[in-house]
Structure formats: C-alpha cells, structure tokens
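K.L.:
Before I ask anything, here is the structure I am working with.
The values are calculated or read from the model by the stated rules, or taken from the named source; none is laboratory data. Keep in mind the model is a prediction, meaning the values are calculated, not measured. Methodologically, a virtual Cβ is constructed for each residue, glycine included, from the backbone with ideal geometry; neighbour enumeration extends over all protein chains shown. These accessible areas exclude ligands, DNA and RNA; they are computed on the full protein's heavy atoms, side chains included. Shrake-Rupley method; radii C 1.70, N 1.55, O 1.52, S 1.80 Å.
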Amino acid sequence: MSPRRNRNSKPAPHNRANESFVRIIGGDWRSRKLSFPESEGLRPTPDRVRETLFNWLQAYTPAAKCLDLFSGSGALAFEALSRGAAHATLIDASRLVCNSLKHNLQELKAQNAEVLETDATQWLLQQASSEFRYDLVFLDPPFNKDLVSGICQLLEENQVLADGSMIYIETERSLSTLLVPDNWQLYRDKQAGDVSYRLYKRN
C-alpha cells in the first residue's frame, strides 16, 4: 500500500520574506538553490555533512524509498531524490515548512515525493498496518528535545523499515547516550562542529 496520500494537494502561495536557502550538492539537481522559511529549530544539515553522508550512501540511494522525518528544509530528501531515489515522504509538523516543501517540489517538477503535515511520532504510531517499507530514513529532529531514542524504537516496532535499510541520525554533539534497537549496526559516524551524525544499517 503506497503512502502517497497528499500528492495532489496544492501549497499555499509562497512568501519569500524571512527565508533562507539550501543548495543541492549532487545528482540531477546539482547546484539548485531551494528556499526554506526561517523558523526556530530549523537547522539544515550543513553542506559538508551532506556530502559525507551521501558518499557513505552512494550504493544505497538509487531506487531507494526514503523517509525524511522532521524534514525542515528538506535538504536530505531533495538530495536523495536528486541522486536517484525512487520516492520520498517528507514529514513536518509546521504548516509553514510544509508549504515551502511543496513549493520546492513543484519548482523541481518532482512527481515522486509527498509532503505530510503531521507530528512524526503520531505518524509512526499509525504505520503498523501499512505494507509500505522504507529503505532509507533521515532522522534529524530539533536538538535538545530528547526525541531520538523514542523515534528509533517506533521505527523498528511499527514495521516502517525494509530489511537492510539505512538510518541516518543527526544529533547535538553533547548528547551522551543514544539508544537504538539491538538489530541496528553502526555503519559510519562522524562529528562536525556541534553536530554528531551516525549511519546505521538494520539487520
């Protein structure tokens, strides 16, 4: 069962006041600049971190079904689509953010993505009966909110993940403990400034 529920919804008129930009690094949309609204806690993954991440994911991104939780600027999902991902679901609780994401999908003429305006935790709780499985998950929640470990458990318990899926987690560097399911194996990890980022593979 495909999750493409809001594919035909139209974004509200786009307001370019108080916005910033993110640049796609590689793939078909390389060097395209996309706008996103300035909002508290909205923190796009830095260029150098995305470049490292997608070098790690080079063999996994083409034809992948992607889930971008706490999507924000959408930089991770757009980067994956640019590099050949088959589909992306972008989830964010902010209407302003979701309208911006829909606008950017229209600008890119992307037909293989959907934007869902909803709380990530509530959405995951509703997925246990879905047959759709994601190959690649981006988890970059607001910092210092103690969200990561609970979301990781929901990803596993509610059968959202495909066998062998890759899960990217970006957190504040000061986070001392990160609890993930026992069957997730750390594949790569690195730090940049105040950011720690990890890539897990699900066994």
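K.L.:
Of a type in the set (A, V, I, L, M), in a loop (DSSP other than H, G, I, E, B), crowded, with 17+ Cβ neighbours inside 10 Å and in contact with a Pro (Cβ under 7 Å, 6 or more places away or on another chain) - does that describe any residue in the stretch 146-163?
P.N.:
Yes, the conditions are met somewhere in the stretch 146-163.
K.L.:
In the stretch 164-177, what count of residues is obtained for those that are outside any loop (DSSP other than H, G, I, E, B) and either among the hydroxyl-bearing types (Ser, Thr, Tyr) or more than 16 Å from Asp140 (Cβ to Cβ) (or both)?
P.N.:
4
K.L.:
Another question, then. Just to verify a result, which residue in the stretch 99-120, among those that are of a type in the set (D, E, K, R) and open to solvent by 40 Å² or more (accessible area, probe 1.4 Å), is farthest from Ala63 (Cα to Cα)?
P.N.:
Asp119
K.L.:
Taking into account only those residues within the stretch 146-203 that are among the hydroxyl-bearing types (Ser, Thr, Tyr) and more than 19 Å from the chain's Cα centre (by Cα), which is nearest to Ala128 (Cα to Cα)?
P.N.:
Filtering first and then ranking leaves Thr177.
K.L.:
Taking the residues in the stretch 7-28 that are over 17 Å from the mean Cα position of the chain (by Cα) and either polar (S, T, N, Q) or open to solvent by less than 40 Å² (accessible area, probe 1.4 Å) (or both) as candidates, determine which candidate is modelled with the highest pLDDT.
P.N.:
Ser20
K.L.:
List the pairs whose first member sits in the stretch 20-31 and is charged (D, E, K, R), whose second member is outside any loop (DSSP other than H, G, I, E, B), and whose Cβ atoms are under 7 Å apart, counting only residues at least 6 apart or on separate chains?
P.N.:
Arg23/Lys33; Arg23/Asp47; Asp28/Ser82; Arg30/Ser82
K.L.:
Which pairs do you get when a residue that is free of Cβ contacts under 8 Å to residues at least 60 places away in the same chain, found in the stretch 123-141, comes within reach of a residue that is part of a loop (DSSP other than H, G, I, E, B) and open to solvent by less than 10 Å² (accessible area, probe 1.4 Å), reach meaning Cβ atoms under 8 angstrom, with the pair 6+ apart or on two chains?
P.N.:
From the stretch 123-141, the pairs are Leu124/Val160; Gln127/Val160.
K.L.:
Just checking, how many residues over the stretch 103-138 are part of a loop (DSSP other than H, G, I, E, B) and under 24 Å from Phe21 (Cβ atoms)?
P.N.:
Matching residues across the stretch 103-138 total 4.
K.L.:
Which residue pairs have Cβ atoms under 9 Å apart, sit 6 or more places apart or on different chains, and have a first residue in the stretch 178-202 that is in a strand (DSSP E or B) and a second that is surrounded by fewer than 13 Cβ atoms within 10 Å (Cβ to Cβ) and β-branched (Val, Ile, Thr)?
P.N.:
Between residues of the stretch 178-202 that are in a strand (DSSP E or B) and residues that are surrounded by fewer than 13 Cβ atoms within 10 Å (Cβ to Cβ) and β-branched (Val, Ile, Thr), there is no close pair.
K.L.:
Still on this model: Might you let me know whether the stretch 91-98 holds any residue that is assigned to a helix (DSSP H, G or I), acidic (Asp, Glu) and either touching a residue at least 24 places away in the same chain (Cβ under 8 Å) or buried (at least 17 other Cβ atoms within 10 Å of the Cβ) (or both)?
P.N.:
No - not one qualifying residue is present in the stretch 91-98.
K.L.:
Here is a further query. List, please: which pairs have Cβ atoms under 6 Å, are six or more places apart or on different chains, and start with a residue in the stretch 142-165 that is under 16 Å from Leu199 (Cβ atoms) and end with one that is of a type in the set (D, E, K, R) and modelled with pLDDT of 95 or more?
P.N.:
Leu161/Arg202; Ala162/Arg133; Ala162/Asp135; Ser165/Asp135; Ser165/Arg202
K.L.:
Scan the stretch 43-87 residue by residue and report those that are within 13 Å of Gly27 (Cβ to Cβ), crowded, with 24+ Cβ neighbours inside 10 Å and of a type in the set (Gly, Ala, Ser).
P.N.:
Ala75, Ala77, Ala80, Ala85
K.L.:
Sticking with this one: If Gly84 satisfies all but one of (1) touching a Gly at 6+ places or on another chain (Cβ under 6 Å); (2) outside any strand (DSSP E or B); (3) not basic (Lys, Arg), what's the number of the condition it fails?
P.N.:
(1)
K.L.:
From Ser39, Ser35, Ser73, grab the single residue that is modelled with pLDDT under 95 and assigned to a strand (DSSP E or B).
P.N.:
Ser35
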